[in-house]
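The values are calculated or read from the model by the stated rules, or taken from the named source; none is laboratory data. Because the structure is predicted, anything quoted here is derived from the model rather than measured. Methodologically, a virtual Cβ is constructed for each residue, glycine included, from the backbone with ideal geometry; neighbour enumeration extends over all protein chains shown.
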Amino acid sequence: MPESDSIPQTDEEWREVLSDEEYQILREKGTEPRFSGEHISTNEEGTYQCAACGVELFDSETKFGTNTGWPSFYDAMEDAIELHRDTSHGMNRTEVVCARCGGHLGHVFDDGPDPTGKRYCINSVSLDFETEEE
């Protein structure tokens, strides 16, 4: 969905614009199976956007390899994400959501590389990728 489009307001509207898998992850805070996402091995230069609303979230320069099973980034675009406490499943984690549409992206941990020390562990399904124009 291009960033200029209006944001759906109801579950019904979200179901019309998202696939079942996108809806389950972005709207119901699901998680894709480890190592199943298309962006784990994406190494091109470009920008990762929210699959629900199109806002730019992560620059490919901040992506780094982990053996966690999900794409990981050490930083996000300014004002693109919001962080929320997540105590689901008996854990104490920090959820990452899109600041524009509220879509669930994944979680952030304090075990990433310099310069931030953060590891934004993000579901591939939550992301679209646009290669850098040459």
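At-a-glance table
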read-out	value
Strands (runs of 3 or more DSSP E) wholly inside the range 93-134 that include at least 1 residues being in contact with a Cys (Cβ under 8 Å, 6 or more places away or on another chain)	93-98, 104-109, 127-131
Only listed residue being at pLDDT 95 or above, more than 18 Å from F129 (Cα to Cα) and surrounded by fewer than 16 Cβ atoms within 10 Å (Cβ to Cβ), chosen from E61, E95, E82	E82
Selection within the range 107-120 - out of contact with any Asp or Glu (no Cβ under 7 Å at 6 or more places or on another chain) and farther than 13 Å from K63 by Cβ	V108, F109, D110, D111, D114, P115
Single residue of the range 103-121 satisfying the filter (over 21 Å from G37 (Cα atoms) and not acidic (D, E)) that is surrounded by the most Cβ atoms within 10 Å (Cβ to Cβ)	T116
Contacts under 7 angstrom Cβ, first residue in the range 118-134 being farther than 21 Å from R27 by Cβ, partner modelled with pLDDT of 95 or more and of a type in the set (K, R), 6 or more apart	none
Some residue of the range 50-73 being among the small types (G, A, S), assigned to a loop (DSSP other than H, G, I, E, B) and touching a helix residue (DSSP H, G or I) at 6+ places or on another chain (Cβ under 6 Å)	yes
Within the range 80-105, tally of residues that are in contact (Cβ under 8 Å) with a residue 60 or more places away in the chain and of a type in the set (G, A, S)	1
Candidate set: the range 32-49, residues that are within 16 Å of the chain's Cα centre (by Cα), among the polar types (S, T, N, Q) and assigned to a loop (DSSP other than H, G, I, E, B); chosen: the one surrounded by the fewest Cβ atoms within 10 Å (Cβ to Cβ)	S41
Members of the range 15-31 found to be surrounded by fewer than 19 Cβ atoms within 10 Å (Cβ to Cβ), out of contact with any His (no Cβ under 8 Å at 6 or more places or on another chain) and assigned to a loop (DSSP other than H, G, I, E, B), listed by number	S19, T31
P8 vs. criteria of a type outside the set (A, V, I, L, M, F, W, C) and either over 19 Å from H107 (Cα atoms) or touching a strand residue (DSSP E or B) at 6+ places or on another chain (Cβ under 7 Å) (or both)	yes
